[in-house]
Each structure stands twice: as structure tokens, then as C-alpha cells.
1. Can you report the number of residues in the stretch 357-393 which are touching a helix residue (DSSP H, G or I) at 6+ places or on another chain (Cβ under 7 Å) and farther than 22 Å from Leu230 by Cβ?
2. Give the residues of the stretch 335-387 that are among the aliphatic types (A, V, I, L, M) and touching an Asp or Glu at 6+ places or on another chain (Cβ under 7 Å), sorted by residue number.
3. From (1) assigned to a helix (DSSP H, G or I); (2) out of contact with any strand residue (DSSP E or B) (no Cβ under 6 Å at 6 or more places or on another chain), pick out the condition that doesn't hold for Asn150.
4. If you go through the stretch 308-323 one residue at a time, do you hit one that is surrounded by fewer than 18 Cβ atoms within 10 Å (Cβ to Cβ) and not charged (D, E, K, R)?
5. Restricting to the stretch 103-131, give me the number of residues that are surrounded by 14 or more Cβ atoms within 10 Å (Cβ to Cβ) and not in a loop (DSSP other than H, G, I, E, B).
6. Just give me the residues in the stretch 214-241 being in contact (Cβ under 8 Å) with a residue 12 or more places away in the chain, exposed (fewer than 15 other Cβ atoms within 10 Å of the Cβ) and more than 20 Å from Arg405 (Cα to Cα), in sequence order.
7. Working carefully through the options Ser249, Ser300, Ser272, Ser253, find the one that is in contact with a helix residue (DSSP H, G or I) (Cβ under 6 Å, 6 or more places away or on another chain), among the small types (Gly, Ala, Ser) and closer than 21 Å to Arg234 by Cα.
8. Of all residues in the stretch 137-154, how many are of a type in the set (Lys, Arg), surrounded by fewer than 24 Cβ atoms within 10 Å (Cβ to Cβ) and in contact (Cβ under 8 Å) with a residue 60 or more places away in the chain?
Amino acid sequence: MSLHTASRTKLENPPLDNGEPTEYKRFVKEVITEGATGPRATALALVSSVLHTFWPTKKVQACFWFEPQHYGTGKGVIHNGQATSQLVERVSGWHVSSAIVEEELRRQNSSTIDFALCLGATSSEKLAHRTRSKSPPTQPLEKKDELVANVIWRFLELRGFLIHTHTHSPLARAMHTALKQCKVNDKFQDTLYLFLELVRAGVLHGNLWSGRAYSGGPSFGTDEEKKCMLLIMRVLSIVPLTFKSQPWSGPLSRELLVFNSFLRSLSRALRSLVELTALNMLLQRHARRTRDDLLDIALSLPFQADVNTGFGILGKVYLDALVAIYGGKINSADDEGVADAKEGAMEICEETFNGIKNPRFEVERGFRFWDAALTAIRSLAVEESVLGDLAEQFEAAEAWLKPMRP
């Protein structure tokens, strides 16, 4: 995607899988680009609201590869609509001082400013109350840590994870609950956030895209078992793999490449949004402009790199090998021969993926993320914030997967 504000044109090119599914076309058009509170409209509003008054009134049109004939006739990117403008104006109220940020670092026994810290600092009304400013700020934020924390808080409210009282929405409660069970070294924060965004958009499920099965998908079982496998593959593929410095030498999956188009479009749009949230703070002088730590700030913000399909493929190879070695579906982890089959499946992963650092550990880490994702889904289900039968799909996949876990 390239954005040309001066020429009022946003060009959307097809992804690597050619963007054939209608679900992806809807996602990139309605959710990412043209939605009034979507990431691209919000990002444009953050910039135009602090520039010359000419820019907020400038119309920006989107040109999609799948409907070039409609260029100039659509509603465009509504960055100056009432809903978008009010949202951008409201988040300016985030001006939390370094004293509170440092207190939270001590209270949560943390050393980094990240999603976990910012959600923990707003997890109750009492804690959130400290972050609400009683009057407009008179002094800009000085320190890097307080700037990064306020950028993340503003970003979370822009995306609906925090509400105007600085307390949690169901999405934030689900993420906070799931993060509390995660190991810090697993580094699941960005991954879990992206997972919840995809769930909210209705594009993370075990169903086929436009009713079509692509190559590299589930290779055994009934239709219901294949749906479970597909859901697990997609969830795992959100997690970044730990690679060695060498080319990929494992199998490929077009099925996961299609899903990765959703993930990559989302993560890039969110990275732009979080960067422009920081820019908006600097241009409004909510933070000191003249500084020599801009690179450090950029490296402290989330969504720094694209995620590929590797983890989903690793999980598929493990499960395929396990079923092949055992000779069929595993109903209980205690059945005879299951432990040996699991060890054999792990050895196949180590032989197949020589470009991955410690494939055995990565398989286990991937399934730990599945646990975190399931916790988040269950939290959303309790609050009736899950679309359709997604919670039932996750529970069915968990029951199918449980005896096959390493």
C-alpha cells in the first residue's frame, strides 16, 4: 500500500497470494482502509489534525487492485469524519507523568514499557483513575519511557481496547487475562494483540476462504477435524519463529499464505498507526520535540517486523507426523505408543526444519501461545463478545489437540 496525501490517492496492490478470497478484499477495504475508525483513517486523522487547516478537508481516495474501475467513486478514506475526529481529539487526554510510569514498573516488577505494563496500569478503576488528567497539561513529556507509555495508551484507546475512562473494554480484559499466564521470554504480547484484532474482524476461524481449499492445508481427518487443524495452523502462524541466518528449507503452504495476507496487512497498518500516534504527540508538543532518542523510541514501539507462515507450517508438520507415526487419530495421551509417536514427530521436525533454532522448543512455545489464545477467547465468550460460533470452534479444536500436545 502506498499513500499519496498530496495527490489524494491510496493505492492498494494485491498481496503475495494474489488476494483472491472475497474475505480479504472486504477486510482490506472495509476494516483496514475505509472504516471510520479503522487504522488507516485514524492514522491520516492524526497527521492532518496537526497540520495546516487545508489538510483535514482534503479528500483521500483508495484505489484497489480488484476494482480499479471504481476509483474516485467510492466513499474514500474518511479521515475527517465526526467519529474519527472525536476519537483523535479524545486520546489527547493521555498525559501520564513519569512518576506514575516508574511506579507501575516497580509495582509490576517490569523493566520494559509494553502492552502488559500499560494494561496492568489500567486494570482497575482505582489504577486507571491515576492516568486521567484533571486539567490540560502545561509541560511536555520529557523522558523516553513516559512518551512510549503514553503512545501505547493512546493507541489502545484508538483501537477500542481502552475506553474513554481509561479502563478496559472486553478486548483489553481478554488480553490482560491471557498475558498474565504467559512466560515473559515467550514474547507473545504483539502476537496476542494481533490475534484479538483478527478475531474482532471476523477473519480468524477454521473455515475455508470463499469455500476453497488451498494447497498446504490439513491433510487428514474428517471435515470437522480438518477445521480444527486449520484453526490451529492459523493461530500458530501469528507467532514469529526464531530462525537461523539461512534461507527457508521447509515445506510451503498457500493456505497459510492466504491467511498471512490478512496478518501482514493488519500489522503494517497498525505499525503506521502507532508511529503516527507518536508523531501526533510530538507535533502537538505533548512531548518534547527536540530529542536525540527518536530511534530508541521507534524500537520500543510494537509491530516492528512482519510475521511469515513458518510457525503454522511447523505445527502442521508435527501434527501430520504424529498421526502418521501413530497410525491414526490419538484419543488419549496415555494410550500405548503415543509417547513414542510424539518423540518421533519431534525428531522429524528437527530433521525437516534445520533453519529453525531449536525446533523442539519452538513447537512447545507455539502450543503455549495456543493456550493464551484459548484463554482470551474464553474471556470474550463470557462477556458475549465473540462472533458466531468461534468459541465453539476453539473448544472443539482444543479437545482434538489436547492428547496430541508434546
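1. 4
2. Across the stretch 335-387, the qualifying residues are Ile356, Leu374.
3. For Asn150, the exception is condition (2).
4. No, that holds for no residue.
5. Result for the stretch 103-131: 10.
6. Ser215 - this is the single residue of the stretch 214-241 that is in contact (Cβ under 8 Å) with a residue 12 or more places away in the chain, exposed (fewer than 15 other Cβ atoms within 10 Å of the Cβ) and more than 20 Å from Arg405 (Cα to Cα).
7. It is Ser253.
8. 1
The values are calculated or read from the model by the stated rules, or taken from the named source; none is laboratory data. These numbers were taken from a predicted model, which means no experiment stands behind them. Using ideal geometry, Cβ is built from the backbone for each residue, glycine included, and neighbour counts are taken over all protein chains shown.
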